[in-house]
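Remarks on the structure that follows.
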């Protein structure tokens, strides 16, 4: 959905948006997750001169793959965010960026695209290595068995030891 910048009044603008996953995913090309539900978001926009502030929240049901056991699972995604925009082209600088410079996005058109905002927040907030549960043991390094189902049949002496296992007996003199 596109929001015309001139529609943002001094009193602000509040929107509730629901975007289908295929619309958001279409902007990205390929994602490490699939959308199980539409992405629902709330945007509160305020404009002061050439500055626009967006305070929002979003939620969606995603399908992701556990980074330890490689099983797909459902992930309920929720995020609150705040984005600052400045109207006009980004100034060309040959100086070090400050924290304030990094927090500002620049707009050169007449509208804001909520779909792009949602995709950017998903890219920032979806875990890079999702886990089906915090204590997921993953797969056996030797035979590849799923350790969530129980111990594998590898002999104890053949199990993969940490590179640092020998240090547990190390004593400083």
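Using alpha-carbon positions, what is the distance between the centroids of the stretch 53-79 and the stretch 1-23, in Å?
After rounding, the separation between the Cα centres reads 23 Å.
Give me 46, 114, 9 ranked fewest to most by other Cβ atoms within 10 Å of their Cβ, as a rough exposure proxy.
Listed from fewest to most nearby Cβ atoms, that is 9, 46, 114.
Using the number of other C-beta atoms within 10 angstrom as an exposure proxy, rank 33, 84, 164 with the fewest first.
Ascending number of Cβ neighbours within 10 Å: 164, 84, 33.
Just to be sure I understand: with springs between alpha-carbon atoms less than 10 Å apart, which residue in 135, 80, 32 has the highest mean-square fluctuation in the Gaussian network model of the chain?
Evaluated over the chain, the most mobile residue of the options is 135.
Please report the orientation-averaged projected area of the stretch 1-88, defined via the convex hull of its C-alpha atoms, in nm².
Its average projected convex-hull area is 6.8 nm².
Using r as the Cβ-Cβ distance of residue 9 and residue 148, and R0 as 45 Å, what FRET efficiency do you calculate, to the nearest 0.05?
0.25
Would you calculate, for the chain, the mean residue ellipticity at 222 nm contributed by helices, counting each DSSP H stretch of 4 or more residues as -39,500 (n - 2.57) and dividing by all residues, to the nearest 500?
The helix-only estimate for the chain comes to -3500 deg cm²/dmol at 222 nm.
For the stretch 111-155, count all C-alpha to C-alpha pairs, find those more than 12 Å apart, and express that count as a whole percent of the total.
Cα-Cα pairs in the stretch 111-155 separated by more than 12 Å: 71 percent.
Considering Cα pairs under 8 angstrom that are at least six residues apart, work out the relative contact order of the stretch 1-93 and quote it in whole percent.
24
Measure nothing but the geometry: give the 0 to 90° angle between the long axis through the Cα atoms of 114-125 and the longest principal axis through the Cα atoms of the chain, rounded to 10°.
30
Which residue fluctuates the most in the chain, going by a Gaussian network model with Cα springs under 10 Å, if the choices are 154, 136, 66?
Highest fluctuation among the options: 154.
Along the three principal axes, how long is the chain when you take its alpha carbons, biggest first, rounded to the nearest angstrom?
70, 47, 26
All of the numbers you see were taken from the coordinates with simple rules; none came from a lab. Keep in mind that this is a model prediction, so the values were computed, not measured. So basically every Cβ, Gly included, is an ideal-geometry build from the backbone, and we count neighbours across all protein chains shown.
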